[in-house]
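Below: one structure, written as structure tokens.
Every number in this text was worked out from the coordinates using simple rules, so none of it is lab data. Given the structure is predicted, the values throughout are model-derived calculations rather than measurements. Heads up, the Cβs are rebuilt from the backbone with ideal geometry, glycines too, and the neighbour counts pull from every protein chain shown.
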């Protein structure tokens, strides 16, 4: 029985890691959209990204800190928080706020 439990935990690990990767990709894309980085042709570097406490009515939140190099404007530091709600299939982004 103990071996079966260990096997079940190991089998579930890649699935969980894949879900975390999906959340990271969704978060990064929404931060890019919120800061309009695609149209401004800005380069950026994410310096920090991790889960944080979600606001009321949300199930999950990710904080992202990044440095954006805007053409002819220099570097700007941003902190963004992306909020998620759980859906029957996965999670959905409700908002991303950057300051």
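Spin-label model, residue 94 to residue 21: label points 7 Å out along the Cα-to-beta-carbon direction sit 2.9 nm apart.
For the pair residue 40 and residue 69 in one chain, pulling the backbone fully straight at 0.36 nm per residue adds 9.4 nm over the alpha carbon distance.
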